[in-house]
1. Which translational diffusion coefficient, to the nearest whole µm²/s, is obtained for the range 130-273 from the Stokes-Einstein equation, given a Kirkwood hydrodynamic radius over C-alpha pairs, 4 °C and 1.567 mPa s?
2. Any aspartates and glutamates with Cα under 12 Å of the residue 182 Cα? List them, leaving off those in the same chain fewer than 8 positions away.
3. Between residue 220 and residue 119, what length in nm is gained on full extension when 0.36 nm per residue of separation is reduced by their alpha carbon distance?
4. Checking the cross-link filter: which lysines have an alpha carbon closer than 30 Å to that of residue 60, excluding same-chain neighbours under 8 positions apart?
5. How would you rank 133-145, 232-244, highest first, on the average number of other Cβ atoms within 10 Å across their residues?
6. Given the chain reduced to its alpha-carbon atoms as identical point scatterers, what log10 I(q)/I(0) does the Debye formula return at q = 0.07, 0.12, 0.16 Å⁻¹?
7. Name the residue, out of 43, 212, 63, whose mean-square fluctuation peaks in a Gaussian network model built on the chain with Cα pairs under 10 Å.
8. Could you list 230, 34 so that the one with the fewest beta carbons within 10 Å of its beta carbon is first and the one with the most is last?
Amino acid sequence: MKKFLFAALSAFALIAGAQSHGVYGFNIENVMNFIAQSERTLKPSQCAMIGSGTMLAMTKNAKAYRKMLEIAEQRIGNPQDSLYNDEIYIAMLQHAVDSFALAPSEKARPRLLLDNALKNRLGTMATDFSYTTPDGKQHKLSDLQGKVTLLYFNDPDCDACATVKERLATSDDIARLSQAGKLQVLAVYTGNDKKAWEKSKFPAIAINGWDKNGAIEQNELYIIPTMPLFYLIATDGTVVMKNVISLNRIERALGIIEQNPEATSKELVDLLFNLY
């Protein structure tokens, strides 16, 4: 805890010091470097102080504040970036929405981005939805509770998705856990090209699902910024990893879950949070 408080205070001092010297560009770059170093040692519950503290220290410089939000959207809020950290990003957006640093007219985008980031947040119940399988039957995500669920958003026309599909078929870890009844892979296509979905074949370990009614995208049940995209859901339906683009990372996470069979969902969130 002491180490974390020191890191948070260091972040504030770093930003405030750069502000006082008017080092605008240098300030932003150093803040991003600091976040890159500190986020790998934090738990989700500790990220709020880093995120909100960063924005608080910038409130005296409106230009830097807006620039920080812009860069945060591109990097900290982007699952494809090495700095991606949803919890820090949520805290930054929350500060932007709540503070007087922005005019009311400037808060629309941060508010929208915050609403999106809060959907299926780590430690919350995964939003339920229905999907259709190739036999025409309807099922629900919640039907899979009792097993760890690997939710895999994909598109038949996505080359990277095709590569992941091949990896799913050859992953010893995923096959072992699936055969043991501990893991279920649910691949979901959210588009409207039925013929493309019907032609898409998955290995036996995966359920091939289609959001036939388009509810996931139309109702924004899940925000899917890129594909392929994974969510890892604990046996009780809690999201323990979100917006993961690396199957290697998922395999490492499954190994940790297997080594900690008695861990609660909250404990799993902490154990998997800094897994890269």
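None of the figures in this text is laboratory data; all of them are computed from the coordinates on show. This is a predicted model, so every value here is computed, not measured. With ideal geometry, Cβ positions are generated from the backbone for all residues, glycine too; neighbour counts draw on all protein chains shown.
1. Numbers: Rh = 15.4 Å.
Result for D is 84 µm²/s.
2. The reachable aspartates and glutamates, counting only those whose Cα sits under 12 Å from residue 182, are 173, 258.
3. 35.5 nm
4. Leaving aside lysines fewer than 8 places away in the same chain, those within reach of residue 60 are 2, 3, 43, 107.
5. 232-244, 133-145
6. With no solvent term, the Cα-only Debye profile gives -0.29, -0.78, -1.19.
7. In the Gaussian network model the winner is 63.
8. With the fewest neighbours first, 230, 34 line up as 34, 230.
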